[in-house]
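Below is one structure; the comments refer to it alone.
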Amino acid sequence: MTFWDHLDELRGVLFRSAIAVFILAAIVFFNKRVVFDVIIFAPTSSDFILYKWFEALTSFSGLPAMDEFSLNLINIELSAQFFTHVSVSLTLAFILAVPYILYQFWSFISPGLYEKEKRSVRRAFAFASVLFFIGVLVGYFFVFPLTVRFLGTYQVSDWVVNQISLKSYISMFTWLILIMGIVFEMPALAAILSRLGIISKTLLRKYRKHAFTILIIVAAIITPSGDAFTLFVVGTPLYLLYEFSILICRDIDK
């Protein structure tokens, strides 16, 4: 194939991926009640599953029970609710379409690979898809609820009442969910680089302290609120992912 033939193939991949995203976005858009009331706004009350686990843990260990939690959202812009609905639909559609998008890119590059390379890259694509969704779930069930509960109840004084805007809540939700899905790709990237002979177990272990510092800086950059608590909540999974990357890497020296 010529360069322009390859370009046409790539354009087809991008077009089919975009169509899939828009179809899923339409489905999400017309299921507004379930998407917002059941999923997105679930962490704003004490009935959320993570808070229930904490209540069970405190009652089992004899620690003081957690206070009831409820977060009321407000909207101060005329068009904010409609555009929030559209942007959330597109974001969730992209998340749901990730396996199909990866499959499209796999179909684009696979004809140029040898059979042995196809097996390795196919496993890497599948591994990356699984890790992305695990990251999204960790962001939704762990990182985002803890961040919301901490920041939503934090007050410098009883005189100042928290009134959280819809835009602020949705912005943090979509950012944390997406960014956790992306950073969970670290082990997949490490596995690929290991098989290419660029990194090894020995190298990652040698620079563990340096990596810890870099990961804290990365967590500070991607943390939307900039507070120390969210930094800790985001930084902890990042470091655990680094340790997991060491486990799955090959040791070239051996």
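The values are calculated or read from the model by the stated rules, or taken from the named source; none is laboratory data. Everything numeric here is computed off the predicted structure, so don't read it as measured data. Glycine gets a Cβ as well: all are built from the backbone with ideal geometry, and neighbour counts include every protein chain shown.
Within segment 104-157, how many residues turn out to be surrounded by 14 or more Cβ atoms within 10 Å (Cβ to Cβ) and not in a helix (DSSP H, G or I)?
Going through segment 104-157 one residue at a time, the tally reaches 1.
Looking at segment 69-95 only, could you name the residues that are within 16 Å of MET172 (Cα to Cα) and free of Cβ contacts under 8 Å to residues at least 24 places away in the same chain?
Of everything in segment 69-95, just one residue is within 16 Å of MET172 (Cα to Cα) and free of Cβ contacts under 8 Å to residues at least 24 places away in the same chain, namely PHE83.
I need the full set of residues from segment 40-55 which are in contact (Cβ under 8 Å) with a residue 24 or more places away in the chain, over 17 Å from PHE150 (Cβ atoms) and not aromatic (Phe, Trp, Tyr), in order please. Spell out how you get there, then give the answer.
Restricting attention to segment 40-55, the residues satisfying the condition of being in contact (Cβ under 8 Å) with a residue 24 or more places away in the chain are 40-41, 43-46, 48-51.
So of that shortlist, the ones also over 17 Å from PHE150 (Cβ atoms) come out as 40-41, 49.
Listed by number, the residues that qualify are ILE40, ILE49.
What are the residues in segment 201-224 that are polar (S, T, N, Q) and either within 14 Å of the chain's Cα centre (by Cα) or surrounded by 19 or more Cβ atoms within 10 Å (Cβ to Cβ) (or both), if any?
Across segment 201-224, the qualifying residue is only THR223.
Pick from LEU204, LEU196, LEU231: which is at pLDDT 75 or above and over 30 Å from SER168 (Cβ atoms)?
LEU204
Which of the residues belonging to segment 9-24 are more than 17 Å from SER110 (Cβ to Cβ) and over 23 Å from the mean Cα position of the chain (by Cα)?
The answer is ARG11, PHE15.
Do we find a residue being among the aliphatic types (A, V, I, L, M) and in contact (Cβ under 8 Å) with a residue 60 or more places away in the chain anywhere in segment 56-68?
No: zero hits.
Does segment 67-86 contain at least one residue that is surrounded by 15 or more Cβ atoms within 10 Å (Cβ to Cβ), assigned to a helix (DSSP H, G or I) and out of contact with any His (no Cβ under 6 Å at 6 or more places or on another chain)?
Residues of segment 67-86 surrounded by 15 or more Cβ atoms within 10 Å (Cβ to Cβ): 69, 71, 73, 84-85.
Right, trim to assigned to a helix (DSSP H, G or I) and you get 84-85.
Pick out the ones that are also out of contact with any His (no Cβ under 6 Å at 6 or more places or on another chain) and you get 84-85.
Yes - at least one qualifying residue is present in segment 67-86.
Given the criterion within 22 Å of TYR154 (Cβ to Cβ), in contact with a helix residue (DSSP H, G or I) (Cβ under 9 Å, 6 or more places away or on another chain) and part of a helix (DSSP H, G or I), identify the matching residue among LEU14, LEU50, LEU96. Before the answer, list the steps.
Numbers: LEU14 fails: within 22 Å of TYR154 (Cβ to Cβ); LEU96 fails: within 22 Å of TYR154 (Cβ to Cβ).
After ruling out the rest, the residue left standing is LEU50.
I'm checking my understanding of the structure. Among residues of segment 179-197 that are surrounded by fewer than 18 Cβ atoms within 10 Å (Cβ to Cβ) and under 10 Å from the mean Cα position of the chain (by Cα), which one is nearest to ALA42 (Cα to Cα)?
ILE182
Tally time: how many residues in segment 25-43 are within 20 Å of the chain's Cα centre (by Cα) and under 15 Å from ILE95 (Cα atoms)?
Here the count works out to 5.
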